[in-house]
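The values are calculated or read from the model by the stated rules, or taken from the named source; none is laboratory data. All of these numbers come straight from a predicted model, not from anything done at the bench. Virtual Cβ from ideal backbone geometry, glycine too; neighbours counted across all protein chains shown.
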Amino acid sequence: MSGAPICIVGAGPAGASAALKLAYYGISCVLIDKATFPRDKVCGDAISGKVTTLLNRLDPTIIQRFEGEPIKVPIWGIQFFAPNGVPMEIPFVPLPGTDLPGAPGYVSKRLDFDHFMIKEIARCAAVQLRLGVAVTGYERTALGWRVSLASGEVLDTPLLLVADGAHSHFSRHIAGLPMDKKHHAGAVRAYYRGVQGMDSRGFIELHFLKELTPGYFWIFPLPDGQANVGLGMRSDYIARRRVNLRKAFDEVIRHHPVLSKRFVQAERLSAVQGYGLPLGSGRYRISGDHYMLLGDAAHLVDPLTGEGIGNGFYSGFIAADQTKACLEANKFSADFMRAYDLRIDRVLGGELRLSYQMQRLARYPFLVNIIARIIHRNQGVVDAISRMYTDFEYRKQLINPFFWLRQMWK
Ligand SMILES: Cc1cc2nc3c(=O)[nH]c(=O)nc-3n(C[C@H](O)[C@H](O)[C@H](O)COP(=O)(O)OP(=O)(O)OC[C@H]3O[C@@H](n4cnc5c(N)ncnc54)[C@H](O)[C@@H]3O)c2cc1C
């Protein structure tokens, strides 16, 4: 095998986490991104416990440094609002044994969080950072891939980790993952200051609005009294109902009977920007000869919540494990790489399928209203759902009608 380093394209959560774990194994890699950091990425900026748990397992000093950064607000739970406005409050319960020093989740602008990750990577001698240079082409060679850069350079690698996000050229045109509107969402977001009625306990807000189901409107708190505000919806519904997301977003802010009042004194700090979310509800092959797809390039966004950072991290860590196995066995064939697909499915597949089933239920506003009423008046259900947030086996009950029927008579 050649001594050429492993090549990671994209230094967002998926590529950055892969680089960190490869460095932990002492495996040399080049991490390429067309952006220089800090850089913005259109996102809700909510960072789940998956991220902090994985980083803490890799190296607790990373989490200690993150804890010391003034770039985030801690998150202790979620407030869901049903289409009829009834709130459901779900506090987070950390999994026993996770041993995290801080909160179960955070909201941190991607401008800051991704920059924090880059600074962590810069501490790792095994990672060569190539920022501000785009990858412009890929060519299959006898030993792997030849990657062309906008600078005119070419890099040969035995193994390519493709983490260049939702609009990945490699994923779509070389690996052949389709853009299927049923398994894709569109979302817009803007930053605000001065939104009234923000939750003082550090709960994020998701509003299921009748006319916009199965999508939702969100308000997430940020440092300095700012908020990340957005709206997302599955792409087939956007197309079928001819929804203009920016207009729908504006409509909520200006005219929604309850929410608009909270924005009367708010100042918008950024443009309303949109981006795609490739949902993990379709099933595709995400590796092949000498390559693996990671994060959004592998379509791993949670179909219910839109969470993609945590799953990006999982794919980065698993891809690093698979890279180690490839180098040890000196095998890079699509057949050998199948272990990556299987492990992603084992770790994330069940959760993604369950979220897809729940997303499909959320199409029916009356059902969400009934569930909200049950939760609203029953502390026992709140406790059960809090546990479900981190306990996947327990969460399966959410799509069991008997679970809800039992709660109605409690
Ligand atoms: C509006 C919106 C709200 C969201 N809210 C949340 C949320 O609150 N929480 C959550 O967990 N997830 C959320 N998501 C999903 C989340 O943003 C993504 O799942 C996550 O960013 C995926 O990480 P990634 O590393 O795969 O890709 P990205 O973060 O997109 O990173 C890809 C990187 O590749 C680089 N790149 C692209 N092309 C090239 C090239 N040719 N050459 C070199 N580099 C290249 C880019 O510059 C970028 O840095 C949201 C998404 C949207 C659109």
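Taken over region 354-371, the criterion of being within 22 Å of the chain's Cα centre (by Cα) and more than 17 Å from E211 (Cα to Cα) is satisfied by L354, S355, Y356, Q357, M358. Scanning region 139-158 for residues that are farther than 22 Å from L22 by Cα and of a type outside the set (A, V, I, L, M, F, W, C) yields E139, R140, T141, S148, S151, G152, E153.
Any residue at all in region 92-111 that is more than 16 Å from the ligand (Cβ to nearest atom) and in contact with a Phe, Trp or Tyr (Cβ under 9 Å, 6 or more places away or on another chain)? Yes, some residue in region 92-111 is more than 16 Å from the ligand (Cβ to nearest atom) and in contact with a Phe, Trp or Tyr (Cβ under 9 Å, 6 or more places away or on another chain). Residues of region 50-82 that are basic (K, R) and over 21 Å from the mean Cα position of the chain (by Cα): R65 alone.
For region 301-316, a residue qualifies if it is over 8 Å from the mean Cα position of the chain (by Cα) and within 10 Å of the ligand (Cβ to nearest atom), and the qualifying residues are T305, F313, S315, G316.
Of the candidates G312, G295, the single residue that is surrounded by 23 or more Cβ atoms within 10 Å (Cβ to Cβ), outside the structural domain of D236 (by TED's automatic domain parsing) and at positive phi is G295. Filter region 102-130 for residues that are part of a strand (DSSP E or B) and under 26 Å from A190 (Cα atoms) and give the result. G105, Y106, V107 - these are the residues of region 102-130 that are part of a strand (DSSP E or B) and under 26 Å from A190 (Cα atoms).
Quick one: would you say G85 is assigned to a loop (DSSP other than H, G, I, E, B) and not assigned by TED's automatic domain parsing to the domain that holds S315? Spell out how you get there, then give the answer.
Numbers: assigned to a loop (DSSP other than H, G, I, E, B): yes; not assigned by TED's automatic domain parsing to the domain that holds S315: yes.
Yes; evaluated as a whole, the condition is true for this residue.
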